[in-house]
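Just below is one structure, and these are the notes that go with it.
Just so it is clear, none of the values below were taken in a lab; they were calculated from the coordinates. Only a predicted model underlies this, so the values are computations on that prediction, with no experimental measurement involved. Neighbour counts are summed over all protein chains in view; Cβ atoms, including those assigned to glycine, are modelled from backbone coordinates with ideal geometry.
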Amino acid sequence: MDFHHLKYFVEVADKKSFSKAARTLHISQSAISRTIKALEEELGVVLFMRNAKAVELTDAGTIFLSHAKRVVFMFEHLKTDFENEFKLEQGTVLIGLPPITGAPIFANLLGAFKQEYPQIELDLYEHGSKKVEISVQEGLIDLGIVCTQPKEKDFESFFLTQDPMNVIIHRDNILSKEKTIPLKKLANESLVLYRDDFNLHDEIIQHCKKIGFQPKIVFETSQRDLMIQTVVANLGVALLPSRLCPTKETNPRVSESVVVRPLVEPEIMHVLYVIWKRGHYLSHAAQLWLDFVRNKARVISNL
């Protein structure tokens with residue numbers, strides 16, 4: 001039994017005629033007769049009473065018609081119903097991002113997305129870039145934001161934004177008198193860095209080694225505020241992207257104790273990429289989020 005058996009049966013029942021059903025379906029009357037006969041043999045019942053004037057349903061045919069009509073209706077509307085449901089802007093997107101990403105930027109970005117697609121849920125997971133990459137690779141999350149250029153063989157990606165690194169120093173530190181701070185001048189300073197599951201941790205250490213010193217790390221954390229408070233307590237010097245550094249406007253009390261200076265020689269850029277697993281299926285909701293962020297990337301870069 002297949003769809004055509006049911007379709008032909010319903011048409012004969014509606015037209016009460018094999019010949020009329022054949023004309024409607026644009027097939028021969030003999031083809032319809034053979035199909036109905038095969039259906040009756042498969043079900044083990046007679047579906048129609050045939051006479052010279054008309055074709056009438058038997059009791060079994062009447063019962064079978066109600067079921068057949070439902071199946072035919074569902075089948076004929078399957079493609080339309082699927083497309084309508086698939087195109088509904090709903091679902092859940094799992095996104096991993098490091099705490100080091102600029103909060104105001106992503107708050108505005110996610111807020112704008114929710115305003116445009118209110119029925120799509122965004123579940124955010126805060127982890128270092130290394131763990132975000134692993135989670136994307138293992139399919140635990142749909143998409144990720146990472147702080148390093150991803151490997152092309154593992155991920156599809158696009159560049160989102162970049163931000164120069166700054167140095168946060170206590171006002172009592174002699175380096176606070178400098179307008180800019182070369183990395184080599186931090187050789188004797190106690191550094192406060194993000195944990196080693198953040199790519200930026202490795203990048204800073206590599207730059208230090210490249211110019212000839214092993215950094216003295218006094219504290220590692222994933223919490224930006226804790227990094228800044230460690231500097232306020234004059235326990236070390238912190239390196240942060242400029243957008244995450246305290247200002248007189250955003251944190252006047254902290255600014256009384258610390259100063260922020262650009263890091264130079266070399267200038268280290270904190271980059272952000274959006275990644276997803278290469279060759280991995282993305283839901284319609286995840287694809288909408290990707291398209292939205294890609295369209296906003298140029299605006300974000302100018303913030």
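Each principal axis of the range 189-271 carries a Cα extent, and these read 36, 22, 22 Å when sorted largest first. By DSSP, the beta bridges lying fully in the chain are antiparallel in about 55 percent of cases.
Can you tell me what share of the DSSP beta bridges in the range 163-270 is antiparallel? A percent to the nearest 5 is fine. Each step should come with its number before you reach the end.
Working: 11 of 20 bridges.
Percent antiparallel among DSSP bridges in the range 163-270 is about 55.
Diffusion coefficient (Stokes-Einstein, Kirkwood radius over C-alpha pairs, 20 °C, 1.002 mPa s) for the range 3-84: 163 µm²/s, rounded to a whole number.
Starting from the exponent 0.38 and prefactor 2.2 Å, build the expected Rg for the range 164-303 from its residue count and divide its actual Cα Rg by it.
Details: Rg = 17.5 Å, N = 140, 2.2 N^0.38 = 14.4 Å.
This ratio for the range 164-303 stands at 1.21.
So between GLU265 and GLU156, what do we pick up on full extension, going 0.36 nm a residue minus the alpha carbon distance?
Full-extension gain reported as 36.1 nm.
An ellipsoid equivalent to the chain, defined through the eigenvalues of its Cα gyration tensor, has semi-axes of 71, 17, 14 Å when rounded to whole angstrom and sorted largest first.
Between 0 and 90 degrees, rounded to the nearest ten: what's the tilt of helix 29-43 against the longest Cα principal axis of the chain? With rounding to tens, the tilt is 80 degrees. Measuring between alpha carbons in the structure, the pairs from LYS153/LYS210; LYS79/LYS153; LYS7/LYS37; LYS153/LYS216 lying more than 24 angstrom apart are LYS153/LYS210; LYS79/LYS153; LYS153/LYS216. With Cα atoms defining each centre, the range 1-78 and the range 158-204 are spaced 79 Å apart in the structure.
One equal scatterer on each Cα of the range 106-183, no solvent, Debye formula: the resulting log10 I(q)/I(0) at q = 0.16, 0.21, 0.23 Å⁻¹ is -0.81, -1.03, -1.13. Per-residue Cβ neighbour counts within 10 Å put HIS5, HIS170, HIS67 in the sequence HIS67, HIS5, HIS170, beginning with the fewest. Expressed as a fraction of 2.2 N^0.38 Å, the C-alpha radius of gyration for the range 113-244 is 1.24. According to the calculation over all Cα-Cα pairs in the range 151-221, the P(r) per 10 Å bin from zero is 15, 43, 28, 11, 2 %.
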